[in-house]
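These notes are about the structure you will find just below.
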Amino acid sequence: MKIKAKPKWLKKPLPKGAGYQQVRDLLSKSELHTVCQEANCPNMFECFSKNTSAFMILGSYCTRNCRFCNVAHGTPNEVDKDEPARMAKAAKKLNLKYVVVTSVTRDDLKDGGASHFAQAIDELKNNEPYPVIEVLIPDFKGDTDSLKKVISAKPDVLNHNIETVRALYPIVRPEADFKRSMNLLKNAKAMDSSILVKSGIMVGLGETLDQLERTFELLLEHDCDILTIGQYLQPTKSHLPVKKFYSPESFLQLEIIAKKIGFKKVAAGPFVRSSYQAKELFDT
């Protein structure tokens, strides 16, 4: 099946500057992965040029196979115990003020990789001064002890993406569970109310406006503080096709709806991803 052509508002010029190559070189030398590269994010060139990246820990192979995601799946690597220290060192060299740490899903690990997240947070806090830290975590199969390990390390932002509306979970995220993800957000806030809780959703997969509004309401009811809304883009022919390209005006309407529902921090737009301009959203 041919991938649907993108509308003009989804075509992005490549930024100029040496920053992009500098970040790529440092990541390569440090043997680090970024979700920007693994997921083929459309903002990668822009973020790299601004010395920003979302580090992806726990290897580059995911144990799940979501039908929207371009991250490789298969047998995962052994956990690299030195990875958090290398990541913190790279963040310091890049003089990052805001660091996003995410991972593939590691259902093969007893705690889902939670202790590795906690170690990464601790290593970043050893930097002087240390950056604002956001973690974008998997669902840990709903295990609250694993979540508690991450929360106890005290990141500034705890992010877990809902990704899509409940009705589309069997198609888009067959190995995940809508209620489990919602409960993770509520449990995170209950464990530490000082941590900002964040979630993101993609549009263009066949959802209705009513379903989106209800999802926004449920996210707020489950103590989510920050919401990101972005356009789903089909990575390859084997992934789910785009059902609809939302216009910039449609994204503005979604942002207005989310704010009317009660969200104070919302980023909505064709290029918005959960980690895109994360510092700017945190600072608003």
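The values are calculated or read from the model by the stated rules, or taken from the named source; none is laboratory data. Given the structure is predicted, the values throughout are model-derived calculations rather than measurements. Ideal geometry is used to build each Cβ from the backbone, glycine not excepted, and the neighbour counts take in all protein chains shown. Note: accessible area is taken over every heavy atom of the protein model, side chains too, but ligands, DNA and RNA are not part of it. Shrake-Rupley method; radii C 1.70, N 1.55, O 1.52, S 1.80 Å.
Please compare each pair in Lys6/Lys154; Lys11/Lys149; Lys8/Lys92; Lys6/Lys89; Lys81/Lys189 to a cut-off of 31 Å on the Cα-Cα distance and tell me which ones are over it.
Numbers: Lys6/Lys154 40 Å; Lys11/Lys149 41 Å; Lys8/Lys92 37 Å; Lys6/Lys89 38 Å; Lys81/Lys189 28 Å.
Exceeds cut-off: Lys6/Lys154; Lys11/Lys149; Lys8/Lys92; Lys6/Lys89.
Given a 1.4 Å probe and the protein chains as shown, Lys244 ends up with an accessible area of around 100 Å².
How charged is the neighbourhood of Pro138? Take every other residue with its Cβ under 10 Å from the Cβ of Pro138, and add Lys/Arg as +1 and Asp/Glu as -1. Could you put the intermediate results ahead of the total?
Numbers: positive: Arg64, Arg106, Lys141; negative: Asp107, Asp139.
Net local charge, Pro138 excluded: +1.
In summary, the aspartates and glutamates within cross-link reach of Lys179, defined as a Cα separation below 15 angstrom excluding same-chain residues under 8 places away, comprise Asp139, Asp143, Glu163, Glu217, Glu221, Asp223.
Over region 151-240, the ratio between the Cα radius of gyration and 2.2 N^0.38 Å evaluates to 1.13. Accessible area per residue was computed with a 1.4 Å probe on protein heavy atoms; Thr215 scores about 10 Å².
Our summary of shape: the Cα atoms of region 90-235 have principal axis extents of 47, 30, 30 Å, ordered from largest down, in whole angstrom. In terms of its alpha-carbon gyration tensor, region 231-284 comes out oblate; a/c meets the 1.5 threshold, while b/c is at least as large as a/b.
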